[in-house]
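One structure is given here, and the rest of the page talks about it.
The values are calculated or read from the model by the stated rules, or taken from the named source; none is laboratory data. In this text the structure is predicted, and so the values were computed from the model without any measurement. Note that each Cβ is placed from the backbone with ideal geometry, even for glycine, and that neighbours are counted across all protein chains shown. The area values use the complete protein model at the heavy-atom level, side chains included, leaving out ligands, DNA and RNA. Shrake-Rupley method; radii C 1.70, N 1.55, O 1.52, S 1.80 Å.
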Amino acid sequence: MSPPVDPVAATQVLPKKVDVVVIGGGIIGVSAVWHLVKKGYSVALCEKGVIGGEQSSRNWGYCRQQGRDPKEMPLIQEALRIWRGLDKEIEAETGFAQAGVIYVAKTEKQMASYERWVDIAKQYQLDTRTVTPQGLRDLLPGYETGYPGALWTPSDGRAEPHKAAPAIATSAQKKGAAILTGCAVRGLETSGGRVSAVVTEKGVIACDSVILAGGAWSSLFLKRHDIAFPQLQVKSSVLRTTAGPEVTPGGLSTPDFAIRRRNDGKYSLSRGFDSTFYLVPDAFRWMDKFWKSFMAERDTIKLRLDGRFFEQLMQNTSWDLNSESPFERTRILDPAADRKILDKGFASFKAAFPVLKDLQVEEYWAGMIDTTPDAVPCIAPLEALPGLTLASGFSGHGFGIGPGAGKLAAQLTVGEPPCVDPEPFRYTRFFDGTSLAPVEI
């Protein structure tokens, strides 16, 4: 079952020509649209399903700096700066609150890695610090644990995934952006070796540039245009509880469960260290690039082989632009949640906080997370197809960084000075021999 997401009224008329077309209506896509329309560019956003229908509404809702790869730090700090003033700017509610994030260490070894990460935090003037078991009890009254301590960043935030992308999209639409839902882009047209139009299921939109923010679908879209993008997917499951007492105002990740306090008094809960990876042909295609990442996470990933392997094996990757595309056959990725995993985490959550003994499960869902070999996104113009900028591969932490990432993608597309150094997000790193091992904390 998919979580509820705030509806966005679609623009009914397909524009004939715009400056920029954005493909994908998740948090990155709508943030790019918002930045562009503010600057006076004409923009159309094309979404095959609904705004925020996939991972942008299915994530935990963390807006965190803590624990990130250092390459992402300037961008997440820019994103947090945007988040803090976003509701006022768009005149709508995203649910953002600066409520802090806590990571509980399972072992002394992990605690030592948290202490090392504090050294990284200091380089960026973050308020991150480690806390002792007593400090953890002070932060979380009633939470008794034998764990050695935690990492805590008070300035980290949270927002409501079901509200944020729709709110930004609606505000952009009021400023003149065309928000086209149920409108899959089948492919691109070129003129003189440069992007000149997108071909949608509803017609052609001429444009000067395109931003591809297609999440888990980006690699397939690019494959049709003979551009390789090493991207795989893992499934993460989440549940929502009934309302209950507040045990922490923000996010809490422990060895047994991860939760976020919601604005409605309920909790979103997951077991962030448990995910499912389905073996598909692309897994073997990209094995050499993802091997270091897999080895680093092998204890937390459950491998599965099912019909997805044969579906991808038989998938047409060179469809005619006048014919139905794969994006029209699957409007929204809506995998089944791993309820046993979630129920185990839910039981641990209630056991950790007896005040929550009456809490019940209200809904389960899952989402497909698109990943890159180093768990860092690609935000870059593609030299192979001038006029096309890729903004994908956010590896399960794109929601919080979304406003900054969308802004950077927009700036790179129209030639504005970038808000941060884009070098860490370059496309060429996947193929130039750069180490693609993920940074661990």
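At-a-glance table
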quantity: Estimated distance in nm for a label pair at E89 and R339, the labels positioned 7 Å out from Cα along Cα-to-Cβ; calculated: 4.2 nm
quantity: Dipole axis of the range 161-272 (+1 Lys, Arg; -1 Asp, Glu on Cβ), positive-most option in Y267, L188, F229; calculated: Y267
quantity: Rounded tilt (10° steps) of 287-297 against the dominant C-alpha axis of the chain; calculated: 20 degrees
quantity: Contour excess over end-to-end distance, with Cα ends at E108 and D264 and 0.36 nm allotted per residue; calculated: 52.6 nm
quantity: Highest-fluctuation residue, E363, E311, E72 considered, GNM on the chain with Cα pairs under 10 Å; calculated: E311
quantity: Charge context of P424, other residues only, Cβ under 10 angstrom, K/R +1, D/E -1; calculated: -2
quantity: Two-site label geometry, K122 and A228: point separation in nm, points 7 Å out along Cα→Cβ; calculated: 4.2 nm
quantity: Around S318: net Lys/Arg minus Asp/Glu count, Cβ-Cβ under 13 Å; calculated: +1
quantity: Dipole in debye (nearest 20) - the range 1-102, about Cα centre, beta carbon charges: Lys, Arg +1; Asp, Glu -1; calculated: 240 debye
quantity: Relative contact order [Cα under 8 Å, 6+ residues apart], the chain, whole percent; calculated: 25 percent
quantity: Most positive-pole-ward Cα, L385, P403, N59, against dipole of the chain from beta carbon charges; calculated: N59
quantity: Among L239, L388, L14: highest mean-square fluctuation, GNM of the chain, C-alpha pairs under 10 Å; calculated: L14
quantity: Violating pairs (Cα-Cα greater than 25 angstrom) within the set K266/K302; K106/K289; K266/K350; calculated: K266/K302; K106/K289
quantity: Accessible surface ranking that places the most exposed of D370, D119, D299, D127 first, with a 1.4 angstrom probe; calculated: D299, D119, D127, D370
quantity: Extension reserve of the R308-Q134 stretch, reckoned as 0.36 nm per residue once the Cα distance is removed; calculated: 57.9 nm
quantity: Over 26 Å between alpha carbons, listed pairs K38/K235; K71/K122; K16/K175; calculated: K38/K235
quantity: Rounded tilt (10° steps) of 27-38 against the dominant C-alpha axis of the chain; calculated: 60 degrees
quantity: Modelled FRET efficiency - R0 41 Å, D288 with A243, Cβ distances, 0.05 increments; calculated: 0.30
quantity: Angle between the chain longest axis and helix 73-90 axis [Cα atoms, degrees, rounded to 10]; calculated: 80 degrees
quantity: Residues with amide H under 5 Å from that of T190, placed H, sequence gap 5 or more; calculated: S196
quantity: Net charge over other residues, Cβ less than 11 angstrom from the Cβ of L36 (K, R count +1; D, E count -1); calculated: +2
quantity: Spatially proximal aspartates and glutamates relative to K202 (Cα-Cα < 18 Å; intrachain offsets below 8 disregarded); calculated: E47, E189, D320, E324, E328
quantity: Inter-label distance, nm, simple model (7 Å from Cα along the C-beta direction), K39/K357; calculated: 5.8 nm
quantity: Choice from K266, K17, K174 with maximal GNM fluctuation in the chain (Cα, 10 Å cutoff); calculated: K174
